[in-house]
Structures are given as structure tokens and as C-alpha cells.
1. Within segment 70-90, identify whether any single residue is among the hydroxyl-bearing types (Ser, Thr, Tyr), out of contact with any helix residue (DSSP H, G or I) (no Cβ under 9 Å at 6 or more places or on another chain) and not in a loop (DSSP other than H, G, I, E, B), and answer yes or no.
2. Looking at Glu410, Glu374, Glu417 in this structure, which one is in contact (Cβ under 8 Å) with a residue 60 or more places away in the chain, touching a Phe, Trp or Tyr at 6+ places or on another chain (Cβ under 6 Å) and assigned by the TED database to the domain that holds Leu454?
3. Which of the residues spanning segment 91-118 are within 14 Å of the chain's Cα centre (by Cα), modelled with pLDDT of 95 or more and in a loop (DSSP other than H, G, I, E, B)?
4. Taking the criterion of being open to solvent by 10 Å² or more (accessible area, probe 1.4 Å), free of Cβ contacts under 8 Å to residues at least 60 places away in the same chain and assigned by the TED database to the domain that holds Thr103, would at least one residue in segment 310-326 satisfy it?
5. Is there a residue in segment 119-126 that is open to solvent by less than 50 Å² (accessible area, probe 1.4 Å) and at pLDDT 95 or above?
6. Looking at (1) in contact with a helix residue (DSSP H, G or I) (Cβ under 8 Å, 6 or more places away or on another chain); (2) assigned to a strand (DSSP E or B), which is the one condition that is false for Leu385?
Amino acid sequence: MKRRAGEREKELKKKKLLEELGEGRLPYMTPADADFHQLWKTKYSKLVFRKSDTVPEELHQMVQESFLTLRKHGCFFQDLVRIKGKDFFTPVSRILIGKPGCTYKYLNTRLFTVPWPTEGCEIKYCSPQIHDACKALIKLNDYLHIEAAKALQGQNLLGTKDTTVIDREQNFATSLIEKGSFSKDQSSCYVPEDDYTSLNNRTSYNLTLLNYMDPLQMPYLKQEPYFGMGNMAVSWHHDENLVERSTVAVYSYSCEGSSAEEASDWNLKGRDPAVWHVGLKVAWDIETPGLAIPLHQGDLYLMLDDLNMTHQHCVLAGFSPRFSSTHRVADCSRGTLEYIFGQCELALQNLQTDSNSTALSLKSLETAVIKQMEEIHNEVEFEWLRQFWFQGKRYLKCTDWWLKPMAKLEEFWRKMELMTSLVLQEVRKKEQTEEQRNETISCLLLVLTERQRLRNEWAARCQSEAAESLPEEQKPECHPFWTNEESNMPLPFDLEEVIVHLQN
């Protein structure tokens, strides 16, 4: 409900802004404008840009090879996302790489990390080249982690009042580079413990969302609506699902070649349409000019502190194909295997086996316990199992790592299906008073109605024209756990019967 309210609020703001603009366009600046750097300094200072020649050449080579390897192995996919109740293909193709068991959710779509090589975690990749590509992205991740920490310190964005921290920034940054990570025992300078915590929380990227698009292969791209900046690869947005005030780091690799060179004689005001740009604007503001910053091969930029909350950004398409690696501190409080397995264990604590038989029963019928159990049931089914299988066999292009945890989640889900049936059996028993029965049903009704609605919605999505248009290996999987005879109905019992009980 909160997500829907947020989407409605954004649409109203967008509508109001476009109405205020009418036929006009807001001003924006590029590096060719005299006041560009002054505008950047005063209104966009938390955007930090690094040109490609500041990045080690060896790192460029490894990362760019990894992009091409993943592309060669067919590992980039357009996502079928859900916006305002409708499914749309993203113009950009993506792959998520990061810590094993992490996920990242955007536009009602949960992506599952292709795990990068991690000590103590057995990961079987489909080829050694994919392993090497993931390993290269860890090196980029480590480099950006250090760059982001230095940038936060350089702008005194840790919230510290200790000016000695800033005075000794260079020593601290050097120490970070030598160590490769943070240590509270570094002797080169003093940094308060709270600042170490802040640096780690806001710069320790746990995943990267890789993007790829060849604009010349796209039949249609949206036009930027506020400034007239031209074709957009990614519309104006705030990045979702991030730790608050965390830094987003982006490495850009546009495959510059003949298409860009042929367009070099364009003589237009504003940005060069042949060159990729990142666009920035103050959110829902018609007073402040926007920025369009060119992105060349190997450039990177950092969005520091609260920039992602106060400003919006878009990606403006050039003429050549482009890759990017967007490193994030994803809010995984509800998005890891560790979390969802913990939720399952919590729900299954209410299931017990009779010591004298194999019969199963529920330990408690308290409304709070039942409500928690059924909400977890919904979370497992709609936030994990259906999200994963809706994306077809795409992850098998890289690794089969997710198959075992998904099988385990399916096992938990089956037990929770049984627990729902046990609750309804208890409701029907004569031993229960009408008051007890109605209390249990009242607790269940909202959760079960939502379950029925979501099952119908997911069934429709799987059979939609968009889903049917996907290549065979990318089509939503008709997985046995929701298509067998026992589970093919919207619910494993008659919801109408529940409603009748409640009304009587």
C-alpha cells in the first residue's frame, strides 16, 4: 500500500511540473556553458566525477573485458518490470552481481545476485571466463569503496565535528588504500569509531547492477520531458532499496567508435547527442537548471550522502553501445537468504508433530501468531519464489547457485500451505466458540484475500503477451510448486466459506 501511495504521489508531482512548464523547457547546462562549474559547485556538489585517466589502466582493462565476456555469454537481460499495474520491458539489459544470497529490488522486480567469488562459499560458474569477470568486478568494487570513502571525507559528509579528521584526510586515505578496507587500529591517524561505522555503512557496496544498451538497436527511446535533453536510456528517478545516505558509484564504458565520430559535426545547443551523458536535476524543482555531464570510456562518478534523495538522475543515450557498473549499498534487511530463511524458521515454530504419531498440528492459535505465520507465507511465495521463477532460467547462464536455496524455500512454502489448512480445520471444529472462530477468521481474512489477489495477478503476468514474447529460456517458469492440482486453485480452501463464517 505504501508503494502504491508513493507511485501516485510521484505521478501527481510529475503532472504538476509538466503543467507548470506547458510548452516550455527548463534550462540546463553542459561543460560548454560558462556557468556550468559554478552551478555544479553550488547545487550539485555531492556529485563527484572522476575522468578515466585517474583510474588505473590495469583496472580499466580487467573491468572492460569482464563486460564483454558477460555480454558474449548472453548474461544481460531486459527486465519485465511492473509499473502502475502494467508490465514493461526495460530498454536497458541488466545483470546483478554481488554477495552470495543478496537480492536487489526495483520497480516491483527482485533481482538475485550472480554471486561473486567469496571465500568459504562454493560457487560453480558455467565457465572460467564468467568466474574471472565476477572477480574483476570485485576489484572494481574495492576500488570504488575506497574512492567513495575518500570523497565523503573530503567533503566532510560524515557528520563529525572533529576537524582533525579532515586535516588528516590524506593520511587516512593512504591507509585505506594500503589496507584495502577499514581498520580501527590504523596508527596513521585518528578517526572516531562512529566515523568508521558511517564509512562502512555508506560505502561498503554489497552488489553491482550492470547495465548494457545499444541505442541503435532500440526502435524507440523516450524523449527527456523537462529540459529537452534528447533520448533517454533510463528515465528520471531516485535509486531504490538503498541504505540511507549511502553512496552510489558508477563506472561507465561507452564503446566509442565510428558512430560517435560520424556525429562529431553536430552543431546544436546543449548536449552532443552522440555522447552518453548523466543528467541531474533537483527533484521537482523548476527554478534550478539541470546538468548534463558527458560520459566517456572509463569515466566514473559518485553520488554522495543524500544526493540520491534530494536530486533525480537520468541516463541520456549516445549513439554507441554502453556498459555501466552501478555499485550500491543495497538495503538487505529484508533481501537476503539469511533473512528469509530466518522468517521461515519463525513461522514453522508453530508447527509440531504429535510424539505418538506422524500427525501434524499447530502449537498456537493466537491471532498474533497466526497473522505472522500467514504474512511470512505470503512473503516467501510472492517476494521470493514467484519473483525468481518469473525470470525463467536466466540465472543458469552464469551459475546454478540459486537452485538449492530455492528448493529449500519451496519446502518451507509447502509446510506453510499445510499450516494454513490446519488453521482452517481448527476454525471448523465445534470446540471453538463463535467468538474464537470469528477472531481467527478476522485475523486471516486480509492476508488470505491478498494471497488470492496476488496469485491471480502473477498467473496473469505469466500468461501475458509480454511474457509470451520472451525467448524460451527467459519465459516465466511454470514451476510444479504452483501448478500441480493441489495448488492450482487461488487458495487451498474456499475463501467464500471463510467470509461466510465471518459474517454469521
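The values are calculated or read from the model by the stated rules, or taken from the named source; none is laboratory data. Keep in mind that what you see is a predicted model, and the values were worked out from it rather than measured. Backbone-built Cβ (ideal geometry, glycine too); neighbour counts: all protein chains shown. Heads up: the accessible areas ignore ligands, DNA and RNA and are worked out on the full protein's heavy atoms, side chains in. Shrake-Rupley method; radii C 1.70, N 1.55, O 1.52, S 1.80 Å.
1. Yes - at least one qualifying residue is present in segment 70-90.
2. Glu410
3. Within segment 91-118, Lys99, Gly101, Thr113 qualify.
4. Yes: segment 310-326 contains one or more residues that are open to solvent by 10 Å² or more (accessible area, probe 1.4 Å), free of Cβ contacts under 8 Å to residues at least 60 places away in the same chain and assigned by the TED database to the domain that holds Thr103.
5. yes
6. Leu385 satisfies every listed condition except (2).
One line per residue, one yes/no per condition, for (1) at pLDDT below 95; (2) under 30 Å from Leu207 (Cβ atoms); (3) within 25 Å of the chain's Cα centre (by Cα):
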position: Trp284; (1), (2), (3): yes, yes, yes
position: His327; (1), (2), (3): no, yes, yes
position: Thr336; (1), (2), (3): no, yes, yes
position: Glu345; (1), (2), (3): no, yes, no
position: Ser357; (1), (2), (3): yes, no, no
position: Phe382; (1), (2), (3): no, yes, yes
position: Phe388; (1), (2), (3): no, yes, yes
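The rows are residues; the columns are (1) open to solvent by less than 40 Å² (accessible area, probe 1.4 Å); (2) out of contact with any Cys (no Cβ under 8 Å at 6 or more places or on another chain); (3) in contact (Cβ under 8 Å) with a residue 12 or more places away in the chain; (4) under 21 Å from His327 (Cβ atoms).
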{"position": "His60", "(1), (2), (3), (4)": "yes, yes, yes, yes"}
{"position": "Thr69", "(1), (2), (3), (4)": "yes, yes, yes, yes"}
{"position": "Gly85", "(1), (2), (3), (4)": "no, yes, no, no"}
{"position": "Val92", "(1), (2), (3), (4)": "yes, yes, yes, yes"}
{"position": "Tyr106", "(1), (2), (3), (4)": "yes, yes, yes, yes"}
{"position": "Thr113", "(1), (2), (3), (4)": "yes, no, yes, yes"}
